[in-house]
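Colleague: Quick one: structure below, then a few questions.
Taken together, the values in this text are just the output of simple stated rules run on the coordinates, not laboratory data. Values in this document were obtained by computation on a predicted structure and should not be read as measured data.
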Amino acid sequence: MTASPHALELLAIAALAADSKQGDDLVALDVSGPLPLTDIFLLVTGRNERNVVSIAGEIEDKLIEAGSKPLRREGRQEGRWILLDFGDLVVHVFHEEDRMYYSLERLWKDCPAIPINLPVGRVAE
């Protein structure tokens, strides 16, 4: 299976929102094969707790503006790992230390990466 067009649209909105708040190391993984409940994981790194909360808030705001409602959100209080579940897209915003510790890329290494297109000057893989 591959990610749905709707999931790819949500990914584009979320990636731009994360980039606008200086989210780093954006990685999108197509998890539609092993996970029947979602299509894409977007992983984003923030420099500190305040940045993590800011990135997650901007992503949530932009996706809500686009007509998607979050099904679930977790971790906002701590600001270390915030999970935003929008159904077809699940966003993980990590503090840089937690991103390295949990290493979701390694856990989901068999899932194909999805290219993320950002404005000129900022490129994510």
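Colleague: Check cross-link reach from Lys21 to the aspartates and glutamates: straight Cα distance under 14 Å, and skip same-chain residues fewer than eight apart.
Modeller: Partners within reach: Glu49, Glu58, Glu60, Asp61.
Colleague: Grab the DSSP H runs of the chain that are 4 residues or longer, score each as -39,500 (n - 2.57), total them, divide by all residues and round the 222 nm result to the nearest 500 deg cm²/dmol. Before the final figure, lay out the partial values.
Modeller: Working: 4 runs with 44 residues, N = 125.
Estimated from H runs of four or more residues: -10500 deg cm²/dmol.
Colleague: Once you sort the root eigenvalues of the Cα gyration tensor of region 5-113 as a ≥ b ≥ c, which label holds: rounded (a/c under 1.5), prolate (a/b larger than b/c) or oblate (the other case)?
Modeller: Values: a/c = 1.61, a/b = 1.10, b/c = 1.47.
Oblate shape, in that a/c is at least 1.5 and b/c is the bigger or equal ratio.
Colleague: Okay, moving on. So in the chain, what percent of DSSP beta bridges are antiparallel if you round to the nearest 5? Could you put the intermediate results ahead of the total?
Modeller: Details: 16 of 23 bridges.
Once the DSSP bridges in the chain are tallied, antiparallel ones form about 70 percent.
Colleague: When the Karplus curve 6.51 cos²θ - 1.76 cosθ + 1.60 is applied with θ = phi - 60°, which whole-Hz ³J(HN,Hα) does each residue of region 66-78 get, with x for Gly and Pro?
Modeller: Couplings: 7, x, 9, 9, x, 7, 6, 9, 9, x, 4, 4, 7 Hz.
Colleague: Going by Cα centres, region 1-27 and region 65-80 are how many Å apart?
Modeller: 14
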